[in-house]
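Peer 1: Quick one: structure below, then a few questions.
The values are calculated or read from the model by the stated rules, or taken from the named source; none is laboratory data. Note that the coordinates shown come from a computational prediction; the quantities given were computed from them, not determined experimentally. Cβ: placed from backbone, ideal geometry, glycine included. Neighbour counts: every protein chain shown.
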Amino acid sequence: MELAVPEAIHILGGGLAGCEAAWQVSRAGLRATLYEMRPAQTTPAHQTDRLAELVCSNSLKSETQYSAPWLLKEELRRLGSLLLEVASRVRVPGGQALTVDRDAFAQEVTRIIESCEGIEVHRRQVTRIPEDGIVIIATGPLTSDALAAEIARLTGAERLYFYDAISPIVDAETIDMSVAFRASRYGKSLDGTADYLNCPLNKEEYDRFVDALLEAQAHTPHIPDDIPYFEACLPIEELARRGRDTLRFGPMKPTGLIDPRTGRRPYAVVQLRQENLRAGSYNMVGFQNYLRYGEQARIFRMIPGLEHAEFLRFGQIHRNTYINAPELLEPTLAMRRLPRLFFAGQIAGVEGYIEAIATGLVAGRNAAALAQGRPLWTPPRETAIGSLCHYVAGADPRHYQPVNITFDLLPPLEEDERRHLGRDRRARHSALCRRALARLEELSLAPV
């Protein structure tokens with residue numbers, strides 16, 4: 001789709017994704033019109049009217065070399081991310097993490113964006129998506145009701161979610177396979193294979209687990225009107241409060257399963273479903289919760305087979321507006337049905353500051369490419385940014401959940417290299433990072 005005369009590209013939302021997208025558009029020599037509803041219309045999470053305000057933590061995650069967050073940030077630096085450059089200038093001590101002075105960060109991003117000749121900032125609420133031209137929707141997890149209704153109209157109301165009900169994800173290598181067994185209920189599955197790993201509990205183990213849930217400390221919301229649970233998707237600790245056997249007749253029901261070690265049905269069972277596009281990881285089915293992360297690690301390691309589990313993501317439930325991206329988007333973040341529309345940030349189904357910046361960069365570059373009649377850019381699959389976009393566009397839409405960057409999103413190493421490195425996770429992670437950065441170098445992906 002080529003526009004004869006490049007019009008201004010509309011960007012809805014002045015958060016991390018929107019600001020990065022606007023910057024990438026302007027660097028391509030085009031005009032960006034950035035809409036931010038604050039201060040005319042505020043949210044429970046924001047304290048100022050500045051662009052790119054960090055509403056929760058001031059940490060942009062680990063800077064430890066060869067960690068997954070480090071890799072994503074390193075790729076963004078090499079691709080010319082404005083927000084990563086600002087973060088480096090306003091950095092404050094934070095151990096191994098990239099932590100920033102949040103006020104200085106938002107103030108500097110606002111100054112740069114508002115003074116950029118190629119970006120025009122409008123401080124007003126948008127309730128209708130422009131009917132022509134190229135649009136990037138980056139309105140974040142607290143998208144206004146009016147605009148959410150408009151997005152639902154374009155995407156289909158059934159593809160728009162207003163809550164994250166996220167279950168923990170476990171590194172497959174840390175599951176004790178001498179305890180966990182592979183089976184589907186009654187031996188049934190769509191393709192004849194055993195779809196789940198099952199961690200069996202006897203009555204004593206189940207009772208201890210329930211007691212721990214009832215005594216656990218809940219997460220303190222950072223947004224005052226966060227709703228900790230809703231009836232359609234209750235957290236496991238709330239189910240436990242409704243009766244000691246509620247979990248056994250809910251997400252931990254053992255019906256149709258036989259423990260091969262005993263030849264009997266377990267008293268209760270925790271099922272783990274393999275993540276289709278997350279190599280080497282399993283989702284704890286139905287284990288969305290509102291517990292502190294430390295409590296989740298402690299309590300879930302009480303489950304037989306998970307005593308040494310490493311969690312790639314913890315469970316959570318909070319208000320969040322996001323689309324079912326695998327049904328709607330290409331890896332370029334363009335909408336399949338309406339390719340002039342792009343989605344970026346948390347509304348596309350990514351979690352975290354760096355992930356929002358990454359999708360903003362991809363959407364901004366591709367919106368500019370579309371306006372100039374150039375091919376759209378699909379980030380290399382071997383990279384962190386490419387794997388993030390691949391997950392957003394290609395995950396199973398029936399089980400789509402927002403995602404942070406982790407190594408299990410990246411394609412695995414070749415078999416020979418995996419065999420050579422053995423079970424040395426640090427060496428494997430280093431190899432994945434070197435492969436990703438080499439791929440960027442190989443393709444000469446210089447900034448626009």
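Peer 1: For a quick check of your reading of the model, give me the residue pairs whose first member lies in the range 145-173 and is farther than 27 Å from I405 by Cα, whose second is surrounded by fewer than 18 Cβ atoms within 10 Å (Cβ to Cβ), with beta-carbon atoms closer than 6 Å and at least 6 apart or on different chains.
Peer 2: Matching pairs, first to second residue: A146/T127; L147/T127; E150/R128; E150/I129.
Peer 1: Those residues that are surrounded by fewer than 19 Cβ atoms within 10 Å (Cβ to Cβ) and not in a loop (DSSP other than H, G, I, E, B), I need them from the range 15-50; list them, please.
Peer 2: R27
Peer 1: Which of (1) more than 30 Å from T255 (Cα to Cα); (2) modelled with pLDDT of 75 or more; (3) touching a Pro at 6+ places or on another chain (Cβ under 8 Å) is the odd one out, the single condition P224 does not satisfy?
Peer 2: (2)
Peer 1: Among the numbered criteria (1) in a helix (DSSP H, G or I); (2) over 25 Å from F105 (Cβ atoms), which one does A367 miss?
Peer 2: A367 satisfies all of (1) in a helix (DSSP H, G or I); (2) over 25 Å from F105 (Cβ atoms) except (2).
Peer 1: Another one. Give the number of residues within the range 389-437 that are under 19 Å from Q65 (Cα atoms) and part of a helix (DSSP H, G or I).
Peer 2: Selection size over the range 389-437: 17.
Peer 1: Failed condition for L160, given (1) at pLDDT below 95; (2) in the same structural domain as S281 (by TED's automatic domain parsing); (3) touching a helix residue (DSSP H, G or I) at 6+ places or on another chain (Cβ under 9 Å); (4) hydrophobic (A, V, I, L, M, F, W, C), with all others met?
Peer 2: (2)
Peer 1: Next question. For F343, are the conditions met, namely being more than 22 Å from Y391 (Cβ to Cβ), surrounded by 21 or more Cβ atoms within 10 Å (Cβ to Cβ) and of a type in the set (F, W, Y)?
Peer 2: Spelling it out, it is not the case that F343 is more than 22 Å from Y391 (Cβ to Cβ), surrounded by 21 or more Cβ atoms within 10 Å (Cβ to Cβ) and of a type in the set (F, W, Y).
Peer 1: Is it true that some residue in the range 103-114 is outside any helix (DSSP H, G or I) and crowded, with 21+ Cβ neighbours inside 10 Å?
Peer 2: If we filter the range 103-114 for residues that are outside any helix (DSSP H, G or I), which is where we start, we get none.
No, the range 103-114 has no match at all.
Peer 1: Here is a follow-up. Checking N366 against (1) polar (S, T, N, Q); (2) modelled with pLDDT under 95; (3) touching a Phe, Trp or Tyr at 6+ places or on another chain (Cβ under 9 Å), which single condition isn't satisfied?
Peer 2: (2)
Peer 1: Also, I was wondering about something else. Considering only residues of the range 130-152 that are in a loop (DSSP other than H, G, I, E, B), under 24 Å from the mean Cα position of the chain (by Cα) and at pLDDT 90 or above, which is farthest from F342 (Cα to Cα)?
Peer 2: The extreme case among them is T139.
Peer 1: Another one. I'd like the full set of residues that are free of Cβ contacts under 8 Å to residues at least 60 places away in the same chain and more than 24 Å from the chain's Cα centre (by Cα), limited to the range 48-60.
Peer 2: Within the range 48-60, T48 is the sole residue that qualifies.
Peer 1: Now, a different point. Provide a single number: the residues in the range 346-362 that are over 13 Å from P141 (Cβ atoms) and either at pLDDT below 95 or surrounded by fewer than 24 Cβ atoms within 10 Å (Cβ to Cβ) (or both). Working first, answer last.
Peer 2: To start, the set of residues in the range 346-362 that are over 13 Å from P141 (Cβ atoms) comprises 354, 357-362.
Then drop every residue that is not either at pLDDT below 95 or surrounded by fewer than 24 Cβ atoms within 10 Å (Cβ to Cβ) (or both), which leaves none.
The qualifying residues number 0.
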